[in-house]
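Novice: Provided herewith is a single structure, encoded as structure tokens, for subsequent inquiry.
Taken together, the values in this text are just the output of simple stated rules run on the coordinates, not laboratory data. Remember, predicted model here, so these are calculated numbers, not experimental data. Don't worry about glycine lacking a Cβ; one is built from the backbone with ideal geometry, like all the others, and counts go over all protein chains shown.
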Amino acid sequence: MQGNRFYNCLIFLFLSGFLFSQNSSVDSLKNILKSKTADSIKCRVFIELIESEEDPLIWSKYNEELHMLAVKNLATHKKGSKAYETFQFFYAAAQNNQGWLSNHKGDVTKALEYYHESLKIYDRLGAKNQVATLYNNIAHIWHSQAEYDKSIEYYNKSLKLYEDANDKKGVAFGLNNIAAVYKKKGELNKALEYCYKSLKMMEELKDKKGIATLYTNIGTLLVKNNEIDKGFDYLNKSLALKKELNDQEGYALSLNIIGNIYFTIGKTDKALEFGVQALKLNQQLGYPDHIRRSAELLKRVYEKQSNYKKALEMHELYVLMKDSVNNEETRKASIKNQLKYEYEKKAAADSVKAGEEKKIQDAKLAESNAKLKQERTQRIALYGGLTLVLIFSGFMFNRFKVTQKQKNIIEKQKVLVEEQKHIVDEKQKEILDSINYAKRLQEAILPPLSLWKKNLPDSFILYKPKDIVAGDFYWMHTIENENDSLIILAAADCTGHGVPGAMVSVVCSNALNRTVKEFGITDPGQILNKVRELVIETFEKSESEVKDGMDISLCSFKKVGNDFTELFWAGANNPLWIVRHSNEKETGIEQITPDKMPIGKYAEEKSFTTHKVEIKKGDCFYMFTDGYADQFGGPKGKKLKYKAMDELIVKNCSKKMEEQEKLLSNYFEEWKAWPIPGGRKQVLEQIDDVCVIGIRL
């Protein structure tokens, strides 16, 4: 209950020789009520019980008892005496509590009446802390009613009293409350000004939880004010502080807030990352409303990413949690109705008691007129009954007509929905047919596996598109000379995935083919230079600026007979890994570092470097895109990363290449399987295309 703790000081002044500990048990306090003790002490006990009780039905009964005791003693003590003023405080406390109850029941007008009555008493007695609390309560009501100027007026009155009393915590919360009103008004700079003042007070008080809350409020306001980077600094500080405090509920809330902001500014991948973390934590905590918020964010993210299956799952979870929240609201409403019933029952009981007394006094008169009243009642009942039958018949006929009309409307809407569903299904089929046809076209640009195995018999290709079509692709071209042959191959990762990525992959694959076939370039570094030139030239034909391109690992093997004699390599952002053998033992991963620039527009374009790599029989070479290492999963839902991929390759590089492919594929699928409570597994969505090439010489 707001505003009750101040009574501790008051009762200490008026009740000599008797104090209650804040740690007194509820049973001990109830025992005091049963004993023969002064009404002032009983009032203090009721206040303690109200402070400790959370059930509105129970504490409202305690408050009713407090009110009755206060009124009884105000009538018996002399006005102006210490005892009278003591029970004035108790009466003001009961009015304040009754105001809270009325507001809780939705009767704002009645709540304001109780608050103002309590306020007049506190103001007359000079109880500044209590007056400050009442101003704050009244301001909160005006805030909830969107009367923002009124709300600020009362918050400022409350703030002034807290400042006069040097109550720093009261000042800090008051400043934050005012900031919330200015945010609602859309005055963001004003809201930030008050938030910064509140934060300074919280830092002086070393209230870490309050500081974390202010970080979140300031960060959200800064982002709303288009100060994105600065806003994220505060949001991240709030996230770190909540983690330090082990405030899991607050931490999950911040994750969801940041995820929503990322979605708003168009960073759907980051929104997905934070949304998934928030949902996981909220499911562990078990708060339906928080789970609902996380599911709502992820539904919008998956819809934006065209992942309709996951979007539907999140929508179903959102609806389930929304129903759970509504059930909780129904339970609260039931408590409110029960409170109302208790009050009405009490009023009815008082009315019945008064009626019984009047009956006793008027017994003789009632007896003499009983027969006349009975006849009159019978006539009224007869006429009333006939009237009710007619009204009810008319009502039933009207309801029948309304029901028939509603039934016709529902049937028409059902037909319309089925027609719309049929149209959507047809459009979806057309889109999927087009994408599947695009898949066959994309497969045409990939080298046949028979050609690959003919030139590189001891090798594998692990290729897992995220969607039906992919932005990743593998490429090969062979040049047969009189005494030797040249095998040029690559693993490439184009911007994006799905249909956009596939379109970019066609452009980049065509540029590779033209560079080698049309321009006759075979040096890896020069190939990448020419490919970059052709890709930029293609995209510059567009009226809008296109910054798409690709990362690639490309090598050229010289082969004499069945023996590989030379290897030249170049890379754009993607490296080459080598596992060499020494005395039948693997030496670990040796990495050839790529040039840190893509195939496409870049601020500092330089020529790509060609590396000549020493080769020996039995050496293993690996080229790949970033999709394998970036996959989320495992026991903590984190990225797989290159270190785990490195260890897996070194551990199994002595095995046959076909077996290595199966091991890499199985590990990837198992990594995506995320353990959830109950011993089950939830498979995470693949976030990017995967392409890994392994070759043993």
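Novice: With θ set to phi - 60°, apply the Karplus curve 6.51 cos²θ - 1.76 cosθ + 1.60 along region 448-463 and write out the HN-Hα couplings as whole Hz, x wherever there is a Gly or Pro.
Specialist: Whole-Hz 3J(HN,Hα) from phi for region 448-463: x, 5, 5, 5, 4, 5, 5, 8, 10, x, 9, 7, 8, 10, 9, 10.
Novice: Please list the non-local residues whose amide H lies under 5 Å from the amide H of E566, H modeled 1.01 Å from N, same-chain partners needing a gap of 5 or more.
Specialist: Close amide H contacts, sequence-distant or interchain: K558.
Novice: By a straight-distance test (C-alpha under 20 Å), which aspartates and glutamates pair with K299 as possible cross-link partners, with residues fewer than eight away in the same chain excluded?
Specialist: Hits, sequence-local ones excluded: D269, E273, D289, E313, E316, D323, D467, E685, D688.
Novice: Still on this structure, I have one more. Applying a 10 Å radius around every beta-carbon, put 566-577, 92-103, 653-664 in order of their mean neighbour count, most first.
Specialist: Highest to lowest by the protection proxy: 92-103, 566-577, 653-664.
Novice: Among the lysines, select those whose C-alpha is under 19 Å from the C-alpha of K656, and discard any that sit fewer than 8 residues away in the same chain.
Specialist: Reachable lysines: K453, K454, K585, K616, K617.
Novice: Shifting gears a bit: Dipole of region 259-328, Cα-centred, from +1 at each Lys and Arg C-beta and -1 at each Asp and Glu C-beta, to the nearest 20 debye?
Specialist: Once rounded to the nearest 20, the dipole reads 240 debye.
Novice: Charges only on Cβ, +1 for Lys and Arg, -1 for Asp and Glu: so what's the dipole of the chain about the Cα centre, in debye to the nearest 20?
Specialist: 3440
Novice: Here's something else I'd like to know. For region 603-675, rounded, prolate or oblate, judged on the Cα gyration tensor with a ≥ b ≥ c (square roots of eigenvalues), a/c < 1.5 rounded, else prolate if a/b > b/c?
Specialist: oblate
Novice: Figure the gain on full extension for A673 and E117 (residue separation times 0.36 nm, minus the Cα-Cα span) and round it to one decimal in nm.
Specialist: That pair, A673 and E117, stretches by 193.9 nm at full extension.
Novice: Antiparallel DSSP bridges in region 446-696: what percent, to the nearest 5?
Specialist: Here the antiparallel bridges make up roughly 95 percent for region 446-696.
Novice: Mind giving me the FRET efficiency for N666 and T478? R0 is 30 Å, r the Cβ-Cβ distance, nearest 0.05 is fine.
Specialist: Calculated value: 0.45.
Novice: For region 589-644, with the dipole built from +1 on Lys and Arg beta-carbon atoms and -1 on Asp and Glu ones, taken about the Cα centre, which of F624, G634, P594 lies farthest toward the positive end?
Specialist: The one lying farthest along the dipole's positive direction is G634.
Novice: Something else: Which pairs break 19 Å Cα to Cα here: K267/K541; K310/K681; K280/K643; K42/K72?
Specialist: K267/K541; K280/K643
Novice: Still on this model: Place a +1 charge on the Cβ of each Lys and Arg in region 386-445 and a -1 charge on the Cβ of each Asp and Glu, then give the dipole magnitude about the Cα centre in debye, rounded to the nearest 20.
Specialist: 440
Novice: While we're on this one: May I ask you to compute the full-extension gain from K150 to V319, defined as 0.36 nm times their residue separation minus their alpha-carbon distance, rounded to one decimal in nm?
Specialist: Taking K150 through V319 to full extension adds about 57.1 nm, to one decimal.
Novice: Which listed residue (I435, H116, A132) has the Cα farthest towards the positive end of the charge dipole for the chain, taking +1 on Lys and Arg C-beta and -1 on Asp and Glu C-beta about the Cα centre?
Specialist: Value computed over the given set: H116.
Novice: Still on this structure, I have one more. Going by alpha carbons, how many degrees (0 to 90, nearest 10) lie between the helix axis of 641-652 and the longest principal axis of the chain?
Specialist: It works out to around 50 degrees.
Novice: Note down the relative contact order for the chain as a percent, whole number, built from C-alpha pairs under 8 angstrom at least six residues apart.
Specialist: 7
Novice: Can I ask one more? When volume of the Cα convex hull per residue in Å³ is calculated directly from the model, which label among (1) 269; (2) 171; (3) 433 fits?
Specialist: Matching the structure shown: (1).
Novice: Treating cross-link reach as a plain straight distance, find the lysines whose alpha-carbon is under 19 Å from the alpha-carbon of K105, omitting any fewer than eight places away in the same chain.
Specialist: By straight Cα distance, K105 reaches K61, K332, K336, K340, K345, K346.
Novice: Using the alpha-carbon atoms, what tilt in degrees (0 to 90, nearest 10) does helix 657-672 show relative to the longest principal axis of the chain?
Specialist: With rounding to tens, the tilt is 10 degrees.
Novice: Hey, another quick one. If r is the Cβ-Cβ distance from F519 to Q428 and R0 is 35 Å, what FRET efficiency results, to the nearest 0.05?
Specialist: That pair, F519 with Q428, gives E of 0.20.
Novice: Projected onto the charge dipole of the chain (+1 at Lys/Arg Cβ, -1 at Asp/Glu Cβ, origin at the Cα centre), which of Y287, F46, L175 gives the Cα projection farthest towards the positive end?
Specialist: Result: F46, furthest along the dipole toward the positive end.
Novice: Based on the mean of other beta carbon atoms within 10 Å per residue, what is the order of 442-452, 202-212, 465-475, 267-277, most packed first?
Specialist: Order by mean packing, descending: 465-475, 267-277, 202-212, 442-452.
Novice: With n ≥ 4 as the cut-off for DSSP H runs, can you work out [θ] at 222 nm for the chain, using -39500 (n - 2.57) per run divided by the number of residues, rounded to the nearest 500?
Specialist: -22500 deg cm²/dmol
Novice: Helix 39-52 versus the longest principal axis of the chain: what angle, 0 to 90°, nearest 10, using Cα atoms?
Specialist: The two axes meet at around 20 degrees.
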